[in-house]
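Participant: Let me give you the structure first, and then I'll get to my questions.
What follows draws every value from the coordinates through simple rules; no lab data is involved. Every value quoted in this text rests on a predicted model; they were computed, and no experiment measured them. We place every Cβ from the backbone using ideal geometry, glycine too, and count neighbours over all the protein chains shown.
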Amino acid sequence: MHELSIARTVVDLAVRAATDDRAERITRVGLRVGMFAGVDAGALDSAFAVARLGTLAETALLEIDSVPLVCHCAGCDIDFEVDDRHGIARCPRCSTVSGDVRHGMELEVSFVEVVG
Amino acid sequence: MMSEVRTIGVTLLSDRETERGRLLEVEKGVLARNQEIAAENRARFARHGLFVANVLSSPGSGKTTFLARMLRERPDLPAAVIVGDLATDNDAEALRSAGAEVVQIMTGGVCHLEAAMVSTAADQLVLDGKRLLLIENVGNLVCPASYDLGEALRIVLVSVTEGEDKPLKYPRMFKTADVVVINKMDIAEPVDFDGDAMRGNLATVCPRATVIEVSARTGAGMEAFYADLDARLAKGSVALG
């Protein structure tokens, strides 16, 4: 339920990058959101539509790149993608459950597209 | 793995770059500011020799009762407590009467504590001479999971009335737990609590977490929690993060 404050931070980071680049306007903002980032993409999109108003990102689109949950199996020494909505990370090779999360918790601005 | 994800995104975009604007690679964590402040908190708490625990659960799992019992039973561990609540200072009062120095953060509707709030709250506490800093987070199993406060230990409480599938419903929170405390074991039987199912779910969702069963009301099982806590204190995991 804190998507609006996250959206404001996203806009803030994007505007800072655009200002540093002396750009006139932001056309798109890329965001990498892990499956386990605890953020709802739909809610974030709605929040972004509000947070961008009155900034260089006023007409910018938000592009969300979902990052799957990836865990590491120590026994097999492999990273594997977790295809389970509860996040139960069973190694596809040896079936051991792993608690070693390598990806899927990300919440990062990856790029800002600007014009001008 | 991370660079793979990034490369895919950028490659797709760069195909269209001519018809669009120019691309600025940013690579900024949205919670980066919180993480910076959490790191500052961690360094500050380490300087004071404080072991910091972030205590999380749903509303009503028994965080306050659990902490109050620990404060009363472990006077050898002088403690300060930061309590986050949407409104009221009832929890803070209960903990104060258990012997701790308490500061309350009334979040006024914010669903989680952030590192900056903890930093400001800590300014109001006498940290010297304390061994523990306990942070009772806002009762919520969703949002607080994302915010590092600068703690060395994350304790997630779940009570027997909440259903054995709670770890499956809130895997994000349980995955971040170092210790899971199953509380209200004194009423496990009347509410048909299936301990095997709960432990099984915890073992699959958060295999790294230590699971301890207690009744904060009667005190049963608290010894096991103290033994685990003492082992962590002895390891000096104060500065870990």
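Participant: On average, how many beta carbons from a partner chain sit within 10 Å of the beta carbon of a residue in A:25-37? Mind showing how you got there, number by number?
Facilitator: Numbers: counts 1, 2, 4, 4, 2, 8, 2, 7, 1, 2, 2, 7, 5.
Per residue, the average neighbour count from other chains is 4.
Participant: Let me ask something additional. Could you give the length gained by full extension between A:ALA74 and A:CYS94, i.e. 0.36 nm per residue of separation minus their alpha carbon distance, to one decimal place?
Facilitator: Details: separation 20, 0.36 × 20 = 7.20 nm, distance 1.05 nm.
Fully extending the segment from A:ALA74 to A:CYS94 adds 6.1 nm.
Participant: Let me ask something else about it. If you take every DSSP beta bridge whose two residues both sit in the protein assembly as shown, what share of them, in percent to the nearest 5, is antiparallel? Mind dumping the intermediate values first?
Facilitator: Numbers: 21 of 57 bridges.
DSSP beta bridges in the protein assembly as shown are roughly 35 percent antiparallel.
Participant: Considering only B:GLY60, B:GLY139, B:GLY150, give the residue with the highest GNM mean-square fluctuation for chain B, with springs between Cα atoms whenever their separation is below 10 Å.
Facilitator: B:GLY60
Participant: May I pose another question? How long are the semi-axes of the equivalent ellipsoid of the stretch A:1-47, defined as square roots of 5 times the Cα gyration tensor eigenvalues? Whole Å, largest first.
Facilitator: Numbers: eigenvalues 103, 21, 16 Å².
They are 23, 10, 9 Å, listed from largest to smallest.
Participant: On alpha carbon coordinates alone, what is the Rg over Rh value for the stretch B:8-235, Rh being the Kirkwood radius?
Facilitator: Details: Rg = 19.7 Å, Rh = 18.8 Å.
Ratio of gyration radius to Kirkwood radius for the stretch B:8-235: 1.05.
Participant: I've got another one for you. Would you kindly state the longest site-free stretch of chain A, with sites defined as trypsin sites (Lys or Arg not before Pro) in a DSSP loop (not H, G, I, E, B) surrounded by at most 14 other Cβ atoms within 10 Å? Mind showing how you got there, number by number?
Facilitator: Details: sites that count: A:ARG22, A:ARG85, A:ARG93.
It runs A:23-84.
Participant: In deg cm²/dmol and to the nearest 500, what is the mean residue ellipticity at 222 nm of the protein assembly as shown if only DSSP H runs of at least 4 residues count, each as -39500 (n - 2.57), divided by the residue total? If you can, show how the numbers build up before the last one.
Facilitator: Values: 11 runs with 121 residues, N = 357.
Estimated from H runs of four or more residues: -10500 deg cm²/dmol.
Participant: Moving on. Å³ per residue of the Cα convex hull, for the protein assembly as shown? Write down the numbers at each step before the final one.
Facilitator: Working: hull volume 51.8 nm³, N = 357.
Hull volume over Cα atoms, normalised by residue count, gives 145 Å³.
Participant: Identify which of B:ARG131, B:ARG22, B:ARG74 has the largest mean-square fluctuation in a Gaussian network model of chain B, with springs joining Cα atoms closer than 10 Å.
Facilitator: Looking only at B:ARG131, B:ARG22, B:ARG74, the largest GNM fluctuation is found for B:ARG22.
Participant: If I build a Gaussian network model for chain B, linking alpha-carbon pairs within less than 10 angstrom, which residue out of B:VAL142, B:VAL191, B:VAL214 has the largest mean-square fluctuation?
Facilitator: Comparing B:VAL142, B:VAL191, B:VAL214 in the GNM, the peak value goes to B:VAL191.
Participant: So if I restrict to the alpha-carbon atoms in the stretch A:34-85, what is the Rg, and what is Dmax, the biggest pairwise distance, in Å?
Facilitator: In order Rg, Dmax, the Cα atoms of the stretch A:34-85 give 16.4, 52 Å.
Participant: Further question: What is the calculated FRET efficiency for B:THR161 to B:ALA32, with r their C-beta to C-beta distance and R₀ = 41 Å, to the nearest 0.05? Kindly include the intermediate steps, with their values, before the conclusion.
Facilitator: Working: r = 38 Å, r/R0 = 0.93.
It comes out at approximately 0.60.
Participant: Using only C-alpha atoms and all pairs of different ones, pull out the Kirkwood radius for chain A in Å with one decimal. Spell out each step's value before the answer.
Facilitator: Working: mean 1/r = 0.0647 Å⁻¹.
In chain A this quantity evaluates to 15.5 Å.
Participant: Can you compute the modelled spin-label distance between B:THR120 and A:VAL115, with each label point 7 Å from Cα toward Cβ, in nm?
Facilitator: 4.0 nm
Participant: Here's a follow-up. What are the radius of gyration and Dmax of the stretch B:130-208, computed over its Cα atoms and given in Å?
Facilitator: 13.2, 40
Participant: Counting partner chain Cβ atoms within 10 Å of every residue's Cβ in A:77-85, what's the average?
Facilitator: Average neighbour count from other chains, rounded to a whole number: 1.
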